[in-house]
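A.B. asks: Just passing along the structure, written as structure tokens.
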Amino acid sequence: MERRRALAALIFLSAALVHAAPIALPPAGKLYHGFYFGGVGTDSHDPTEHDFSRRDVEQYETTVGAKTAWVYFSDNWFESRTFPEGICSSIRQLGKIPYLRLMLRSDVDQNHAEKVFSLDKIVAGEFDADLRVWARGARDFGMPLLMEWGTEPNGKWFSWNGDWNGGARIGPAKYIAAYRHIVDLIRNEGADNVQWVWHVNWWDEPEQKWNAFENYFPGEDYCDWVALSVYGPTTPRTRDSTESFAFKLGQAYPRLVKIAPGKPIIIAEFGCDLHNKHCNAAEWARGALDEIFSGKWPALLGFCWWNEGWQNDDHKKNDTDMIIWHDPDLARVFREEAARHFDKIQEVALTTKAGDN
């Protein structure tokens, strides 16, 4: 009996080590395909960026004709400061990797400074106790997690951007200090199953030298992967940002490779509004997918469309909609591209065995 128990314990430990092992790069020539769905914003529903169900995942995969390796969602601290074990478990039950954005923010609204979870308060350790409990929850989850904090710091919309935290003189430095503080604290709690993704926007806004995304890089020891957001027009009335995905990636990719040589790159977010008068979403997406699958970007290992809609003002005609199954042409483009490049999609996330490099 004791021998049987010891053997069972050894098997359990071995399984736990494999589960906690880092997510491996896909085989040469293949790409991971991620899923995101945030729902549709209305007067009565404000997307919290984790509004998805098993049915949503299945609908997406049926629509595009390909499976996904991860599910991307936001963990909002204005809702709870507890590790989202329920969401992560539901994702694992689907056979996918949870990819979460740790969002220390007071609401989902953008374009305002943060009073509660400010960079100064993070660095000062005001949330250390909560972060430690969160980290232990992530550790005890025991399976691989992709995770980012401080999404798109070189943009002007999230509260951790440099412009709202001291500007050219200290803004990027504050961001780096907060980023490192969070990573160090979570690692110190033994959450080795967390794989860190540093995520920037393809262009810098404001477009000033001090705000270049290079100035926000926390260092190669503080990220495992790096990520880009690459969008076309994001509202029906947007006149700019109509340049091709290829142009935008071509601007950002060399900069990322230079600052983080050897780091894998993912397109964590890309999308285009379905009703923009100056850019056809289906054709923009076709160009994007052709570029993603082209093999021209050797560090690129994955991609994820931002499948969400939201209100911009009081006029419904100005609402943003990027949900693939709302546009037959866009859905057809994804199906055609997935079929044409089916052999390049790695549908199941792989792990590196414990002890491997």
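The values are calculated or read from the model by the stated rules, or taken from the named source; none is laboratory data. Keep in mind it's a predicted model, so treat the numbers as computed, not measured. Note that we place each Cβ from the backbone using ideal geometry, even for glycine, and neighbour counts take in every protein chain shown. Accessible surface is based on the protein model in full, side chains and every heavy atom, while ligands, DNA and RNA are left aside. Shrake-Rupley method; radii C 1.70, N 1.55, O 1.52, S 1.80 Å.
A.B. asks: What order, most packed first, do the peptides 145-157, 23-35, 52-64 have when packing is the mean number of other Cβ atoms within 10 Å of each residue?
C.D. replies: Highest-to-lowest ranking by the protection proxy: 145-157, 23-35, 52-64.
A.B. asks: When the convex hull of the Cα atoms of region 94-174 is projected onto a plane and the area is averaged over all directions, what value comes out in nm²? Don't skip to the answer; put the middle values down first.
C.D. replies: Numbers: hull surface 25.5 nm².
If I average the Cα hull's projected area over directions, I get 6.4 nm².
A.B. asks: In addition: Report, in debye and to the nearest 20, how large the dipole of region 50-97 comes out about its Cα centre when Lys and Arg carry +1 and Asp and Glu carry -1 on their Cβ.
C.D. replies: That gives a dipole near 180 debye.
A.B. asks: Now, a different point. How much length is gained if the chain between residue 332 and residue 169 is pulled fully straight, taking 0.36 nm per residue apart and subtracting their Cα-Cα distance, in nm to one decimal?
C.D. replies: Extending this stretch completely gives an extra 53.9 nm.
A.B. asks: If you average 1/r across every pair of different Cα atoms in the chain and take the reciprocal, what Kirkwood value do you get, in Å? Could the numbers behind the result be given before it?
C.D. replies: On the way: mean 1/r = 0.0476 Å⁻¹.
With all distinct Cα pairs of the chain included, I get 21.0 Å.
A.B. asks: Right, another one. What FRET efficiency do you get for residue 247 and residue 208 if R0 is 25 Å and r is their Cβ-Cβ distance, rounded to the nearest 0.05?
C.D. replies: Efficiency, from the Cβ-Cβ distance: 0.75.
A.B. asks: So if we plug the beta-carbon distance of residue 132 and residue 221 into 1/(1 + (r/R0)^6) with R0 = 25 Å, what FRET efficiency do we get, rounded to 0.05? Before the final figure, lay out each step's value.
C.D. replies: Numbers: r = 21 Å, r/R0 = 0.82.
The pair residue 132/residue 221 has a calculated efficiency of 0.75.
A.B. asks: Report the normalised scattering of region 50-133 as log10 I(q)/I(0) at q = 0.13, 0.15, 0.16, 0.17 Å⁻¹, calculated by the Debye formula with identical scatterers on the alpha carbons.
C.D. replies: Log10 of I(q)/I(0), two decimals: -0.53, -0.67, -0.73, -0.79.
A.B. asks: For the chain, give the magnitude of the charge dipole about the Cα centre (Cβ charges: +1 Lys/Arg, -1 Asp/Glu; no others), in debye to the nearest 20. If you can, show how the numbers build up before the last one.
C.D. replies: Details: 39 positive and 51 negative charges, 223 e Å.
Dipole of the chain, to the nearest 20 debye: 1080 debye.
A.B. asks: Sticking with this structure for a sec: Taking all protein chains as present, what is the carbon and sulfur share of the accessible area of the chain, in % to the nearest whole number, probe 1.4 Å?
C.D. replies: 52
A.B. asks: Using +1 at the C-beta of Lys and Arg and -1 at the C-beta of Asp and Glu, which of 171, 27, 68 has the Cα lying farthest in the positive direction of the dipole of the chain?
C.D. replies: Farthest towards the positive pole: 27.
A.B. asks: Mind giving me the FRET efficiency for residue 109 and residue 188? R0 is 30 Å, r the Cβ-Cβ distance, nearest 0.05 is fine.
C.D. replies: Details: r = 32 Å, r/R0 = 1.08.
E between residue 109 and residue 188, to the nearest 0.05, is 0.40.
A.B. asks: Among DSSP beta bridges lying fully in the chain, give the percent that are antiparallel, nearest 5.
C.D. replies: Bridges in the chain are about 5 percent antiparallel.
A.B. asks: Please compute the net charge surrounding residue 121, taking Lys and Arg as +1 and Asp and Glu as -1 over other residues with Cβ under 14 Å from its Cβ.
C.D. replies: After counting each charged neighbour, the total is -1.
A.B. asks: Kindly report, to the nearest 10 Å², the accessible surface of residue 203 as traced by a 1.4 Å probe over protein heavy atoms only.
C.D. replies: Here the accessible area works out near 80 Å².
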